[in-house]
Amino acid sequence: MFLFGCVAGQPPRGALHFFETPAPDDPWSRKIARWQVRERAQTVGDSLLSAPSTVASGPETQARSDGADLRSEWVAFRAEQKRTTARAAAAWIQRKAKTHYIADGPYDHWATLEETLVRNGDDCDGLELLTYHFLREAGFRDDELFRAIVLRPSDGQHHMVTLWFEQSHDPWVIDPTGAMITGMPRMSDVPEWVPIKLFSETAEFTVRGPGLARVATATARGLTPPR
C-alpha cells in the first residue's frame, strides 16, 4: 500500500536519466495507469461551479477554505496568465518590428517562419508568424488562435495579424508591426478594421457580415500588399 503526498524536500543531486522505460514490476505503474485512464476520460471545463473531489486517496469531504472556490480561482489564474503571455508577445514583436521590418516590394510574398528568420525580418505576414508560433508552442489551442487577414474599408488596405479567440465573438488582436494597433485590444476596439479571413496550417475560414463580402471582393481585385 502506498502513502502518497506532496514531497516538500529537495531532490537528490546527481546524474538523472528522466526518460527510461519502467521495469515490468514497477510498483507505481498500476497506480499511474489507472490515473491516466481517468484523466483521459475526464473533460475539464471552465465551469465555475465547484465539483466534488474525485481523488480516490484524498479526503471524502471538501477542504475548508476562507470562502474562495478553488475552481474559480484556477480558471481566473489560468486566464490571466494566458493574457499576460499574449500581451508580452505583442509588445515584443511590436518592438522588434522597428528594426526587423522588411517590405516585400510590388509582390506580396507570404514568408514561412523559417524564411523570416533566415532573412532576419519580413513584413507583417512574416513577423506575425513569430507570435503565432510562439503562442501555439506556449499552449494556446489550435481552435482559439488563428492568423487573420484584416481589411480597412476606408482605403482598401490589408494587413496580417494574430487573433486569439478567448471569447468566440470578440477576439484579442495581436498586430506584429503596430500598423493597425499597438498593445492587445479586442477586435471590437478597432472598428476601422474588419477581419475577412482566418486560417492556420490546416484550416481556412471566411468571415461574413453585413456588406463585408462586397467590400472584401472589391478590394481584393486590386489587392493592396499587407504592410
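Please treat every number below as a calculation from the coordinates, not as lab data. These numbers come from a predicted model, not from an experiment. Positions of Cβ are backbone-derived with ideal geometry, glycine not excepted, and every protein chain shown enters the neighbour counts.
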(Q) What distance in nm separates the two pseudo spin-label positions at TRP110 and ILE32, each 7 Å out from Cα along the beta-carbon direction? (A) 4.2 nm
Q) Straight-line reach from LYS96: which aspartates and glutamates have Cα under 19 Å away, leaving out those fewer than 8 places along the same chain? A) ASP104, GLU114, GLU115, ASP122, ASP123, ASP125, GLU128, ASP175
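Sorting TYR101, TYR107, TYR132 on the 10 Å Cβ count, fewest up front, what's the list? Kindly include the intermediate steps, with their values, before the conclusion.
On the way: TYR101 18, TYR107 6, TYR132 27.
Fewest to most other Cβ atoms nearby, the residues stand as TYR107, TYR101, TYR132.
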Q. What is the distance in Å between the Cα centres of the stretch 74-100 and the stretch 116-160?
A. 14 Å
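Neighbour counts of other C-beta atoms within 10 Å: give me GLU137, GLU115, GLU128 arranged from fewest to most. Display every interim value, and only then the final one.
Values: GLU137 8, GLU115 13, GLU128 28.
If I rank by nearby Cβ atoms, fewest first, I get GLU137, GLU115, GLU128.
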Q.
Classify the stretch 73-221 from the C-alpha gyration tensor, please: rounded if a/c falls under 1.5, else prolate or oblate depending on whether a/b exceeds b/c.
A. oblate
Q) Label-point separation (nm) for ASP143 and VAL118, each offset 7 Å from Cα along Cα-to-Cβ? A) 3.5 nm
Q | Where trypsin sites (Lys or Arg not before Pro) fall in DSSP loop in the stretch 134-187, at most 11 other Cβ within 10 Å | A | ARG141
Q: For each of ILE149, ILE32, ILE93, ILE102, count neighbouring Cβ atoms within 10 Å of the residue's Cβ, then give the residues from fewest to most.
A: ILE32, ILE102, ILE149, ILE93
Q: Take the Cβ-Cβ distance between GLU166 and ASP25 as r, set R0 to 35 Å, and report the resulting FRET efficiency rounded to the nearest 0.05.
A: 0.15
Q: Would you mind computing, in nm to one decimal, how far apart the modelled labels at ALA91 and TRP74 are, each placed 7 Å from Cα along Cα→Cβ?
A: 2.9 nm
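Given contacts defined as C-alpha pairs under 8 Å and at least six residues apart, what's the relative contact order of the stretch 73-221, whole-number percent?
Details: 211 pairs, mean separation 30.2, N = 149.
Answer for the stretch 73-221 is 20 percent.
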